[in-house]
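**Q** The structure under discussion is supplied below as structure tokens; questions concerning it will follow.
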Amino acid sequence: MSVMPASAVQPTGLPAASVVVRAHDEAAEIGRTLERLAVQDIAHEVIVVDSGSRDHTREIARDRGAGVIELEPETFSFGRALNRGAELARAPVLIALSAHARPPDRGWLRRMLAAFEDPAVACCSGERRGPDGRPLAGPLRQDAALLAANPYWGYSNSAGALRTGLWRERPFREDLPGSEDREWSMWALGRGFVCVLDPALLVEHDHSRDPLRACFARYAREHRGFVMFVPGLEPYRLRDALAEWWGDQGQHRSRLRARLDPRRIARLLGKWWGRRA
């Protein structure tokens, strides 16, 4: 493992960050996201990868000065969309961002890039809680051992950053239906790098009002992906889902509230569907 700090290798005149925004029918959200990016206090470029939007997503992105790549929807995977955008990246740090994930303030990109002043850092993203479920008071450095103990917790491409040079060595897997971000971080941390998870890097990204069908589908995709790359992962049976539904309070105020949360039920069913025997 040998890399230089991102700032040490940045040629004059090139952006400090390349932001790849994944989008599909995001006309209601992408304009606000791009406006938040436009006011960032560090030089960057924006590349929107659109996978067959039927609304005005592409027009809104072009009107705001973003480069737009069109990806055929039948060829879509999260990893493929990010790889197509990253191929055009000119900066030493690559930012992956969902079209509905909005930076909270004009210093967000600068905070993301600051993590890469440490040459041991491969990637970083925002995180509110640690792997034990407790709130994070500050940044936590995840290494390979911590990832192996908590394979479902860590780096996220919904709003995360990674070294472009490492991505060029090893792009995201395009065959995974989801969790390509965790799989890539497993590769990078396995080489001796670390991932920084920090509440200061969080974005405005809320799935709490998603339809139940969307909650189910998202967790099913993620856990189908985990099955494809997490070593020794045991099947998650329906009785396991029922036991977790009944016994795990999670972040709810009581077990009763947890049991009555319809989105939690949809997530547990998605987890079961993705990892069923």
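The values are calculated or read from the model by the stated rules, or taken from the named source; none is laboratory data. Everything numeric in this text was worked out from a predicted model, so none of it was measured. A quick note on method: Cβ atoms are made from the backbone with ideal geometry, for glycine too, and the neighbour counts reach across all protein chains shown.
**Q** Taking helices (runs of 4 or more DSSP H) that fall entirely within the range 18-112, which contain at least 1 residues that are closer than 27 Å to ARG218 by Cα and touching a residue at least 60 places away in the same chain (Cβ under 8 Å)?
**A** Output list reads 30-38, 78-86.
**Q** Can you tell me which of ALA120, ALA89 is outside the structural domain of GLY225 (by TED's automatic domain parsing), hydrophobic (A, V, I, L, M, F, W, C) and either surrounded by 15 or more Cβ atoms within 10 Å (Cβ to Cβ) or at pLDDT below 95 (or both)?
**A** When all the criteria are applied, what remains is ALA89.
**Q** Go through the range 67-85 and give me each residue that's buried (at least 21 other Cβ atoms within 10 Å of the Cβ) and touching a helix residue (DSSP H, G or I) at 6+ places or on another chain (Cβ under 8 Å).
**A** PHE78, GLY79, LEU82
Matching residues to (1) touching a Phe, Trp or Tyr at 6+ places or on another chain (Cβ under 7 Å); (2) crowded, with 22+ Cβ neighbours inside 10 Å; (3) under 23 Å from SER125 (Cβ atoms):
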position	(1), (2), (3)
LEU14	no, no, no
VAL21	no, yes, yes
ALA27	no, no, no
ILE30	no, yes, yes
GLU35	no, no, yes
VAL48	no, yes, yes
GLU59	no, no, no
ARG62	no, no, no
GLY65	no, no, no
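**Q** Turning to a different aspect of this structure: Right, ARG239: outside the structural domain of ALA16 (by TED's automatic domain parsing) and crowded, with 16+ Cβ neighbours inside 10 Å or not?
**A** It is false that ARG239 is outside the structural domain of ALA16 (by TED's automatic domain parsing) and crowded, with 16+ Cβ neighbours inside 10 Å.
**Q** Filtering the range 236-253 down to residues that are touching a Phe, Trp or Tyr at 6+ places or on another chain (Cβ under 9 Å) and in a loop (DSSP other than H, G, I, E, B), which residue is nearest to GLU180 (Cα to Cα)?
**A** So, considering only residues that are touching a Phe, Trp or Tyr at 6+ places or on another chain (Cβ under 9 Å) and in a loop (DSSP other than H, G, I, E, B), the one nearest to GLU180 (Cα to Cα) is TYR236.
**Q** So, one more: Test each condition in (1) part of a loop (DSSP other than H, G, I, E, B); (2) under 17 Å from GLY160 (Cβ atoms); (3) touching a strand residue (DSSP E or B) at 6+ places or on another chain (Cβ under 7 Å) for PRO15 and report the one that comes out false.
**A** (2)
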